[in-house]
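What follows is one structure encoded as structure tokens, with my remarks underneath.
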Amino acid sequence: MTKPVTGVLFDVDGTLIDSVYLHTTAWWQAFRQFGHDVPAARIHRAIGMGSDKILDHLLGAGHDTSDDDAMRAAHASLYAANWTSLRRLPGAQRLLRTCADRGLRNVLATSAAKPELGALLRCLDADSVIDTVTSAGDAGESKPAPDIVEVALRRSNLDAGEVVFVGDSVWDVQAAGRLSIPCIGLTCGGLSAAELLDHGAAAVYADPQGLLENLDEALTTAFRVALTNA
């Protein structure tokens with residue numbers, strides 16, 4: 001980061017919306033439908049990857065791919081059945097509004113599919129303070145590849161040197177890191193602070209409310225980390 005922060009890139013699932021365990025259960029059920037007994041703990045740690053990568057990650061790169069499209073469809077259907085259970089994480093809406101009030105541009109860098117994205121945005125209910133939104137169809141590869149982050153930067157006309165990324169998974173940290181963007185981690189997606197810090201997070205807070213209460217500290221820490229890594 002070489003300029004003052006002018007934009008904040010946010011992951012959505014597990015960062016602003018409490019959806020990680022709904023995704024985990026939907027994948028667990030989808031796998032079982034096709035004869036794969038994958039432990040939920042392994043699935044949980046893979047959430048944040050897109051469906052283009054999660055199957056190889058969990059089933060192995062050499063698995064029989066003939067059912068892959070059907071498994072993705074099953075997951076999407078099972079997850080959609082729980083859209084009414086989606087809830088904002090504590091402080092999510094206020095964090096976005098506070099960032100906007102400070103003149104920061106809020107960018108949602110998510111690889112959620114468009115129908116799912118619609119459900120997330122309805123739950124978030126903060127369209128007036130969101131500057132730019134991405135979806136799965138915008139990127140060639142999902143996280144930890146940086147594609148979706150690059151798209152978010154391009155669409156918002158922001159530079160990697162003037163933004164921070166906020167996410168809940170190691171895949172978020174890695175995607176941001178590949179573009180030298182400091183990442184602020186949140187543990188509300190179910191990963192520990194140590195795990196996020198070990199993968200390169202600049203700072204870690206419990207949830208959006210925790211970040212909101214320490215926003216100045218978080219942005220300053222991210223800036224210092226970026227200067228150190230420059």
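The values are calculated or read from the model by the stated rules, or taken from the named source; none is laboratory data. Computed from a prediction, not measured in an experiment: that's the story for all the values here. Ideal geometry is used to build each Cβ from the backbone, glycine not excepted, and the neighbour counts take in all protein chains shown. What goes into the accessible areas is simple: the full protein's heavy atoms, side chains included, and nothing from ligands, DNA or RNA. Shrake-Rupley method; radii C 1.70, N 1.55, O 1.52, S 1.80 Å.
Summary of values
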quantity: For the range 36-78, alpha-carbon Rg relative to the globular expectation (2.2 N^0.38 Å, N residues); calculated: 1.08
quantity: Antiparallel DSSP beta bridges within the chain, as percent of all bridges there, nearest 5; calculated: 5 percent
quantity: Using a Förster distance of 25 Å, the FRET efficiency for residue 141-residue 217 (Cβ separation, nearest 0.05); calculated: 0.15
quantity: Dipole of the chain, positive end: most advanced residue of 36, 209, 19 [Cβ charges, Cα centre]; calculated: 209
quantity: Residue 204 long-range amide H proximity, modeled H, under 5 Å; calculated: 185
quantity: 0 to 90° range, to nearest 10: angle between helix 92-101 axis and the chain longest Cα axis; calculated: 30 degrees
quantity: The range 8-130, relative contact order in percent, only Cα pairs under 8 angstrom and at least six apart counted; calculated: 39 percent
quantity: Net charge dipole size for the range 83-179 [Lys, Arg +1 and Asp, Glu -1 on Cβ; Debye, nearest 20]; calculated: 300 debye
quantity: Among 108, 196, 92 - extreme Cα towards positive end, dipole of the chain, charges at beta-carbon; calculated: 92
quantity: Proportion of all alpha-carbon pairs of the range 9-133 beyond 20 Å (%); calculated: 45 percent
quantity: Helix axis angle, 20-33 relative to the chain longest principal axis, alpha carbon, degrees; calculated: 20 degrees
quantity: Accessible area (Å², 1.4 Å probe, nearest 10) - residue 84; calculated: 120 Å²
quantity: Reduced Cα scattering model of the range 95-230, Debye log10 I(q)/I(0), q = 0.17, 0.19 Å⁻¹; calculated: -0.94, -1.21
quantity: Length added when fully stretched, residue 80-residue 154, from 0.36 nm per residue minus Cα-Cα; calculated: 23.7 nm
quantity: Tilt relative to the chain, helix 147-156 - C-alpha long axis, 0 to 90 degrees, to 10; calculated: 40 degrees
quantity: Structure-based [θ]222 nm, the chain - -39500 (n - 2.57) summed over DSSP H runs of at least 4, per residue, nearest 500; calculated: -14000 deg cm²/dmol
quantity: Paramagnetic reach from residue 87 in the range 18-56 [backbone N under 19 Å; point 7 Å along Cα→Cβ]; calculated: 18-26
quantity: Relative contact order of the chain, defined on C-alpha pairs under 8 angstrom at six or more residues apart (%); calculated: 27 percent
quantity: From the coordinates shown, mean projected area of the Cα convex hull in nm² corresponds to which of [x] 13.8; [y] 15.0; [z] 11.5; calculated: [z]
quantity: Contact order relative to length of the range 22-72, as percent, for alpha carbon pairs under 8 angstrom and 6 or more apart; calculated: 34 percent
quantity: Cα-projected label distance for residue 29 with residue 94, points at 7 Å along beta-carbon direction, nm; calculated: 3.3 nm
quantity: Backbone HN-Hα couplings from phi across the range 195-201 [Karplus 6.51/-1.76/1.60, Hz, Gly and Pro as x]; calculated: 5, 5, 5, 4, 8, x, 4
quantity: Around residue 142: net Lys/Arg minus Asp/Glu count, Cβ-Cβ under 10 Å; calculated: -1
quantity: Stretchable slack from residue 224 to residue 114, in nm (0.36 nm times residue separation minus alpha-carbon distance); calculated: 36.0 nm
quantity: Calculated FRET efficiency for the pair residue 68/residue 179, C-beta based, R₀ 35 Å, to 0.05; calculated: 0.75
quantity: Charge dipole magnitude, Cβ of K and R +1, D and E -1 - the range 1-69, Cα centre, debye nearest 20; calculated: 360 debye
quantity: Charge dipole (debye, nearest 20) of the chain; +1 at Cβ of Lys and Arg, -1 at Cβ of Asp and Glu; calculated: 360 debye
quantity: 205, 21, reordered so the largest accessible area comes first (probe 1.4 Å); calculated: 21, 205
